[in-house]
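Following: one structure in structure tokens, then a few remarks.
The values are calculated or read from the model by the stated rules, or taken from the named source; none is laboratory data. Everything quoted here is computed from the prediction, not taken from an experiment. FYI the Cβ positions are ideal-geometry reconstructions off the backbone, even for glycines, and counts take in every protein chain you see. All accessible areas refer to the heavy atoms of the entire protein, side chains included, with ligands and DNA or RNA removed. Shrake-Rupley method; radii C 1.70, N 1.55, O 1.52, S 1.80 Å.
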Amino acid sequence: MSIEVSPAPQQAHRNRRRYWRAAALSLVTAALPATLVQAPAHAVAAPVTITQVQPVNPSATNQVYVERVAPRYAGDAAGWRLNMDMRVNNTHTSSVTLSSVQVSYPGSSITAQTFSLATSIPRSGLDGSNHFLKVPDNRINAFPVPATVRIQLNFSGYDAKVFTRSLVEYVNKTPSGGYRFPASTVSGGRWRNTVGHDVGSHHRGVHNQRYAYDLDVVKWNGSTWSHTKPGTTDATDVNTDHYSFGLPIYAMADGTIRKCRRDQADNTPGVLKPEPEVEGNHLYIEHATGEVALYAHFKAGSISTALCPSAAGSGLNIPVKQGQLLGYSGNSGNSSRPHLHLHLADKAGFGDYANPAQGLPLRFNHATVRSAAAPSVTPGFTALTNSSEAALRQGQHISPNGCGWQRVVPGGTQWARHGVKSTCWQEEFNDTALAGYRLVWRQQVQDGSLSRVASIWRPAAGLPWVARNGQSSAQHQATFDTYRAAGYRLTHVDSYLEGGVAKYSSVFTKTSGPAWTAYHGVTATNHQSKFTSLTRAGYVPRQISVVYVGGERRYTALYEKASVGAMVSLQNIAETSYQTVYNQQVAAGRRPVHLDTYLVGANVKFSAIFTSAAPATVARHGLTAAQYQAEFTTQSAAGRLLVSVTAYRSGSVLKYAALWN
């Protein structure tokens, strides 16, 4: 439902219990006279002024924002849309009729379109004489965005008013340029943009809701998507009959709560109760400078006192973190059924008559989306990532945060993750790189029907780097040749099996260092020959990775020319023998500097490198995921850095081995 704004004082007695009419608000921005162009006269100049064009770039008031709109389905392309409005103020002593609006994009292939209106604007001084006009162009156009838009307002018996504005795509002020969808995937269901911000939606008549969403959950009942459980009807339903009632809602990004309410009762479906506040139970969270999100209509009592200390409050300064639970979806305030109202604006609340809050595009990531269709219809969902954020289409279905709500904490000395599904790796990679880290280690292992990834990251500190994974032998070689020629060093390489085929991951860093060389996918005989010749020439192995494929071991290795004292490299250590080998090497004055694992049939093998010049190292193996996490926490608290981590399937259990120094 629309969020209702308090009317101007002179209208309060008439509008108290009905939707706010947008004509009663006045927008504040630069007026148009400087760019107003009169069309060729055929009668007399229209007695109107055109002001308050929105959404305007406050730092370039001749520039209007457009929003990026999500693809309809997999294989489709994103588009862009103009959500433009303005004030048409009648200065005459008689009414004026706005007969039509023409929208065109000079210099582009987009067809000019004329929209018939026949809107009578009352004479000056009457209610409605300052007419709020939503430009009725609802088209979603193909990129690129044209340089300008031309608006022509045609009046009965008067000359047209013509003006232009430059166009620019709005990008949210978060590091990625978008926000995480604020909910999780629903088992057997989908989130839905049930009411968006098309020009005909009730949101478009309220300035801070120019880009608002009403989000609910639907499930397929065999013939259609339904928002209520089987056996219910709109005449007899209660809140708990709705799939959208009582679902957890999370913070889309880090931010600060500025305003809240938590004590408003939930409505009976179909009955709106906008008092004491139309937002119902809600949070206004400032996520970035000039970007404040409203999360509205929470379930009564579901917002904690930690987030909203009093029953209602404003002027707050309460921090929240991305992924933090805010409360549960409900049906409070100006809401006719359970849903989440969500929008982004330049300030909390509605503002006031002279300075209303202005709605801003809200682009999502960490979600897959598709236009509404039966579950079996193809093509399927398309991904919105933090490199392809976009706004939702009307009625679009959303499957959000399928990889969970892991939040990357920036500014650390290291970041590490384990057990990540390979299907979630790209999302994980994007998030961590965006937080200012660079990948230094990646290992992938088959875990039943899944592939899982463990990784280690360090602060990027401005160092150029690139990473690749899932590459064939030929692709890895091509990547190797390209980046070596560009002055990059190979700083990490790993081989692993995926679907019975050898794949490679690699990291290249543009930095200085000793002479280096590498090879991949060679036989045991070839590996031994290269190992012998390279070590005689003063090179030492930094990493040796092995896969067993086609009945033989295949070796991948990275060497640097360095002095490391005595060195032993062993690539065929049985899981049951590793502790004994480790003890023998430590007794001989050598400590591990590299550790990896692989399978020969069902048997786990360790690949390890020991040197006498190694720093003090803490080594662990045979750890469950929980034990590894506990050990990581302990070692990190002691100031040690993780340098190797390898996962391996021991029987039916995924275990971990790791090194810290």
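Observations on the model:
- Net charge, Pro338 excluded, C-beta distance under 13 Å - Lys, Arg +1, Asp, Glu -1: -2
- Restricting the calculation to Cα atoms, region 58-148 yields a radius of gyration followed by a Dmax of 16.5, 55 Å.
- Spin-label model, Asn583/Gln102: points 7 Å from Cα along the beta carbon direction are separated by 9.1 nm.
- Calculated diffusion of region 454-601, Stokes-Einstein form, Kirkwood radius summed over Cα pairs, 20 °C and 1.002 mPa s, µm²/s: 129 µm²/s
- Computed Rg/Rh of region 358-415, alpha carbon atoms with Kirkwood Rh: 1.10
- Added length on full extension, which subtracts the Cα-Cα distance from 0.36 nm per residue, Ala625 to Ala118: 175.7 nm
- Here Ser187 and Ala306 are evaluated by their C-beta separation; at R0 = 25 Å the FRET efficiency comes out at 0.30.
- Percent breakdown of C-alpha pair distances by 5 Å bin, ordered from the shortest bin, for region 526-661: 2, 10, 19, 22, 21, 16, 7, 3, 1
- Cα point-scatterer Debye curve for region 126-214, base-10 log of I(q)/I(0) at q = 0.16, 0.25 Å⁻¹: -1.00, -1.43
- Once C-alpha pairs closer than 8 Å and six or more residues apart are averaged by separation and normalised to the residue number of region 484-532, the relative contact order reads 31 percent.
- Surface composition of the chain: carbon and sulfur make up 52 percent of the accessible area, probe 1.4 Å.
- The modelled label-to-label distance for the pair Ala602/Glu169, using points 7 Å beyond Cα in the direction of Cβ, is 5.3 nm.
- Share of pairwise Cα separations in region 417-479, more than 15 Å, in percent: 54 percent
- For region 416-539, the gyration tensor built on C-alpha atoms gives an oblate shape. Its axis ratio a/c (a ≥ b ≥ c) is at least 1.5, and a/b is not larger than b/c.
- Exposure rank, largest accessible area first [Arg484, Arg210; 1.4 Å]: Arg484, Arg210
- Entry comment: accessible area of region 160-293 is 34 Å² per residue, from protein heavy atoms only and a probe of 1.4 Å.
- Kirkwood Rh and Cα Rg combined as Rg over Rh, evaluated for region 236-360: 0.96
- Alpha-carbon Rg/Rh ratio, for region 444-502, with Rh computed the Kirkwood way: 1.01
- Two-site FRET efficiency, Trp405 against Ser376, from Cβ-Cβ distance with R₀ of 41 Å, rounded to 0.05: 0.90
- Taking the convex hull of Cα positions in region 535-603, its mean projected area over all directions (nm²): 5.2 nm²
- Ranked by the mean number of other Cβ atoms within 10 Å per residue, highest first, peptides 407-420, 608-621 order as 608-621, 407-420.
- For region 301-457, the relative contact order works out to 15 percent when only alpha carbon pairs closer than 8 Å and six or more residues apart are counted.
- Separation in nanometres of the label points that stand 7 Å from Cα toward Cβ, at Thr413 and Asn355: 4.6 nm
- In sequence order, region 464-472 has phi-based couplings of x, 7, 9, 9, 9, 8, x, 8, 6 Hz under the Karplus curve 6.51 cos²θ - 1.76 cosθ + 1.60, θ = phi - 60°, and Gly or Pro positions carry x.
- Over region 175-282, the hull volume per residue, using the convex hull of the C-alpha atoms, is 161 Å³.
- Solvent-accessible heavy-atom area per residue, rounded to whole Å², over region 348-415 at 1.4 Å: 37 Å²
- The chain: equivalent-ellipsoid semi-axes (sqrt of 5 x gyration tensor eigenvalues, Cα, Å): 59, 28, 22
- At R0 = 51 Å, FRET efficiency that the Cβ-Cβ distance of Ser449 and Ser109 yields, to 0.05: 0.60
- Cα gyration tensor shape for region 334-477, rounded if a/c is under 1.5, else prolate or oblate: oblate
- Per-residue HN-Hα couplings for region 297-303 [Karplus 6.51, -1.76, 1.60; θ = phi - 60°; Hz; x = Gly/Pro]: 6, 4, 4, 4, x, 8, 8
- Descending by average beta-carbon neighbour count within 10 Å, the peptides 107-119, 331-343 line up as 331-343, 107-119, the highest first.
- Debye intensity ratio in log₁₀ form over the Cα atoms of region 288-407, taken at each q of 0.09, 0.18 Å⁻¹: -0.33, -1.26
- Solution diffusion estimate, µm²/s, Stokes-Einstein, region 245-305, Kirkwood Rh from C-alpha pairs, 4 °C, viscosity 1.567 mPa s: 105 µm²/s
- Dmax and Rg, reported as Rg then Dmax, of region 381-444 (C-alpha, Å): 13.7, 44
- The helix-only estimate of mean residue ellipticity at 222 nm for the chain, built from DSSP H runs of length n ≥ 4 each weighted as -39500 (n - 2.57), is -3000 deg cm²/dmol after division by the residue total.
- Set of lysines with alpha-carbon distance to Lys134 below 26 Å, sequence-local pairs under 8 removed: Lys161, Lys173, Lys347
- Shape call, region 584-661: gyration tensor on alpha carbons, a/c limit 1.5: oblate
- Relative contact order of region 87-126, pairs being alpha-carbon contacts under 8 Å that are 6 or more residues apart, as %: 51 percent
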